[in-house]
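The values are calculated or read from the model by the stated rules, or taken from the named source; none is laboratory data. What you see is a predicted model; the values in this text were computed from it and never measured. We place every Cβ from the backbone using ideal geometry, glycine too, and count neighbours over all the protein chains shown.
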Amino acid sequence: MHIVVEEVTARLEQRSQKRRQAYLARLQEAAERPARQHLGCSNLAHALAAQPEDARLIMKQGGAPHIAIISSYNDLLSAHQPLHDYPEQLKVALARVGATAQFAAGVPAMCDGITQGAPGMQLSLFSRDLIAQATAIGLTHAIFDGGLYLGVCDKIVPGLLIGALHFGHLPAVFVPAGPMRSGLANKDKAAVRQRFVSGAATRQELLAAEQAAYHEAGTCTFYGTANTNQLLMEAMGLHVPGSAFVHPHTPLRDALTAEAARLVARNSLKGERYLPVGRQVDARALVNAVVALLASGGSTNHTLHLPAIARAAGYELQWEDFAELSRVVPLLARVYPNGAADVNQFQAAGGPAWLLRELLGGGLLHADVPNAAAGGLAAYTQEAWLDQGRLSWRELPVQSAAPEILRNLAEPFSSEGGLRLLQGNLGRAIIKTSAMPASALRVRAQARVFDDEATVQQAYAANELQGDLILVVRFQGPRANGMPELHKLMPLLANLQQAGQRVALVTDGRLSGASGQVPAALHLTPEAALGGPLAWLQDGDWIELDAVQGILSVEQDVSEWAKRQPASVPKNTPAGYGLHLFAQQRRLVGPADQGATILEWED
């Protein structure tokens, strides 16, 4: 093992000892609870009422696993539309091994692509914790021996995993749907977006480009949060090996889905190999997830999601852990926005299996972690395929077939990972550097301060964003408005950058997982709504953003700000989007560096 990986893991375990012990005690208490056969007769009858007669008989006898299916299916999200038929497929596969299942809960799943730049985006991050709560509602009937979790996109998979970890005595297998086929290249789509915001492309041209990129069922093909989710599920051993990026509606995808059912039954308390998810997701699994995130140049959103997942499992994962690992984990993948390739090309070049094999070979991953497939993490370094119709796995070639997409550990794209921690008198923030040119790593310029995304767009349209500048967009944190993504700012900032201006973004909000070449200090904590320094910033203040040294500072004595009046949180909450229903979440949510979550174990 690499010494830094060992040290980070050891510190994570040490600082989390009390919390983790309390979590495991709750897990053990739940595992020892009487089985469903000890339910009252009326309670059990309700659970059996809608089941076929053969399933009723098996459930009453109590000797076989009974599995919960939790799904985020809807046909609004292209990535989740293929999940429509999965419950019946999984029930059939479970029946083959003598097990039963019930569809226990559907969880909400919103599309960030539809809500980008609209008020509905203010509910996106909060939906993660709501998904965890909805998962708990399905599992709380206390009749299940394991869970199959069907989901793909941004907040959905983290929410499902947080929910599953609150039922950590049950085994869990995550079941993805796979990406859509490649359409218009992501870089060409981005170019049309930039042309549109500058007035050089019509709305009809923009819509045509977007429809050519997002054109069928399946996950979007850029390497944003949704696809990073799938890679991390492989790195944490929560998938059937090799299932992350196989297309929907193919024989291989069907075989992988059936295998998920077999594995969760086998890993249940009534199966051959009891593996509760709360013990599976330990410090080693969490560190493996961070390493895979860094080596692949994955989504900044996971600096929120992984700490929240860790807290659900009794751990205190810190941004410092990400930063320390980033210094020793090399960047091995170039997938859009970190390169030209999409996830289908990434998969064809070797995909997650190649990446994990290289990292394991370099001692950068814990190999001996428990996982759904058994056999340690090495099981996830092989490629899934159908051998005469039978699901099998095979070794990948030693040399990369596409070195412009995937590199060997000895010849990385960069010696460091793609995320860094910024600190200074403005607070703490995360920056993604894997897609940035070296010339953009340091920016010193005067601030242009805005309180929302829309006014930035108006200033750009009025040609008011001139010269070098650091764009500050505040009151975008979880307490202010739910921490929406500010993806609509990227095309205009990219245009300014390409015009020769030195530009950067500083915000207590988020960006899409597809954030790229413009330096962006994200998730700034403390946020402006809680009296963070952003609330005192004014146009013209000089700011230094140095991603090399890890500095984010205003060049002014902050004590002089006592002469200023801090800006107030904008009170406008648009009607018709359901935002008022989430006022309690805004009041209770924790800081970004602790996962921006409302969910906690009781002390």
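What to note about this one:
- Selection of the stretch 266-280 for residues being in contact with a helix residue (DSSP H, G or I) (Cβ under 6 Å, 6 or more places away or on another chain) and either crowded, with 24+ Cβ neighbours inside 10 Å or outside the structural domain of Arg311 (by TED's automatic domain parsing) (or both) yields Val277, Gly278.
- With respect to being assigned to a loop (DSSP other than H, G, I, E, B) and closer than 27 Å to Lys432 by Cβ, Leu232 falls outside the description.
- Within the stretch 457-478, tally of residues that are buried (at least 24 other Cβ atoms within 10 Å of the Cβ) and part of a helix (DSSP H, G or I): 1
- Complete set of residues in the stretch 60-87 that are in contact with a strand residue (DSSP E or B) (Cβ under 8 Å, 6 or more places away or on another chain), more than 11 Å from Gln102 (Cα to Cα) and assigned to a helix (DSSP H, G or I): Leu83, Tyr86
- Count of the stretch 483-501 residues which are surrounded by fewer than 24 Cβ atoms within 10 Å (Cβ to Cβ) and either without any contact (Cβ under 8 Å) to a residue 60 or more places away in the chain or of a type outside the set (D, E, K, R) (or both): 11
- Exactly one residue among Asp593, Asp539 is assigned to a loop (DSSP other than H, G, I, E, B), in contact (Cβ under 8 Å) with a residue 60 or more places away in the chain, charged (D, E, K, R) and closer than 21 Å to Glu527 by Cβ, and that residue is Asp539.
- The residues on offer are Arg56, Arg20, Arg26, and the sole one that is among the charged types (D, E, K, R), more than 30 Å from Met180 (Cα to Cα) and within 24 Å of the chain's Cα centre (by Cα) is Arg20.
- Yes/no for Glu6 being surrounded by fewer than 20 Cβ atoms within 10 Å (Cβ to Cβ), more than 21 Å from Val264 (Cβ to Cβ) and among the acidic types (Asp, Glu): yes
- Here Val398 clears all of (1) surrounded by 18 or more Cβ atoms within 10 Å (Cβ to Cβ); (2) part of a loop (DSSP other than H, G, I, E, B) except the condition numbered (1).
- Pairs where the first residue, in the stretch 157-176, is over 23 Å from Glu259 (Cβ atoms) and the second is crowded, with 24+ Cβ neighbours inside 10 Å and of a type in the set (Lys, Arg), C-beta under 7 Å, 6+ apart: Pro158/Arg128; Gly159/Arg128
- Odd one out for Ser553, checked against (1) modelled with pLDDT of 95 or more; (2) out of contact with any Leu (no Cβ under 9 Å at 6 or more places or on another chain); (3) surrounded by 14 or more Cβ atoms within 10 Å (Cβ to Cβ): (2)
- Total residues in the stretch 315-330 satisfying the condition of being of a type in the set (S, T, N, Q), in a loop (DSSP other than H, G, I, E, B) and buried (at least 22 other Cβ atoms within 10 Å of the Cβ): the figure is 0.
- The helices (runs of 4 or more DSSP H) found entirely in the stretch 88-165 that carry 3 or more residues being surrounded by 21 or more Cβ atoms within 10 Å (Cβ to Cβ) are 124-139, 156-165.
- Unmet requirement for Met1, which otherwise passes all of (1) of a type in the set (A, V, I, L, M); (2) assigned to a helix (DSSP H, G or I); (3) over 24 Å from Leu161 (Cα atoms): (2)
- A single member of Ala528, Ala447 is buried (at least 23 other Cβ atoms within 10 Å of the Cβ), more than 21 Å from the chain's Cα centre (by Cα) and at pLDDT 95 or above, and it is Ala528.
- Selection of the stretch 556-590 for residues being loosely packed, with under 14 Cβ neighbours inside 10 Å, in contact (Cβ under 8 Å) with a residue 60 or more places away in the chain and charged (D, E, K, R) yields only Arg587.
- Being at pLDDT 95 or above, surrounded by 19 or more Cβ atoms within 10 Å (Cβ to Cβ), in a helix (DSSP H, G or I) and under 23 Å from the mean Cα position of the chain (by Cα) holds for only one residue in Leu356, Leu365, Leu421, and it is Leu356.
- Checking each residue in the stretch 231-257 for being over 15 Å from the mean Cα position of the chain (by Cα) and aliphatic (A, V, I, L, M) picks out Val240, Val246, Leu252, Ala255, Leu256.
- When residues of the stretch 385-400 are limited to those that are within 29 Å of the chain's Cα centre (by Cα) and of a type in the set (Gly, Ala, Ser), the one modelled with the lowest pLDDT: Ser400
- Close pairs (9 angstrom Cβ cut-off, 6 or more residues apart or separate chains): under 20 Å from Ile70 (Cα atoms) in the stretch 260-286, among the basic types (Lys, Arg) and surrounded by fewer than 24 Cβ atoms within 10 Å (Cβ to Cβ) anywhere: Ala261/Lys91; Ala261/Arg96; Arg262/Arg96; Arg266/Arg273; Asn267/Arg273; Leu275/Arg266; Gly278/Arg26
- Residue tally, condition in contact with a helix residue (DSSP H, G or I) (Cβ under 7 Å, 6 or more places away or on another chain) and either among the hydroxyl-bearing types (Ser, Thr, Tyr) or at pLDDT 95 or above (or both), over the stretch 25-50: 1
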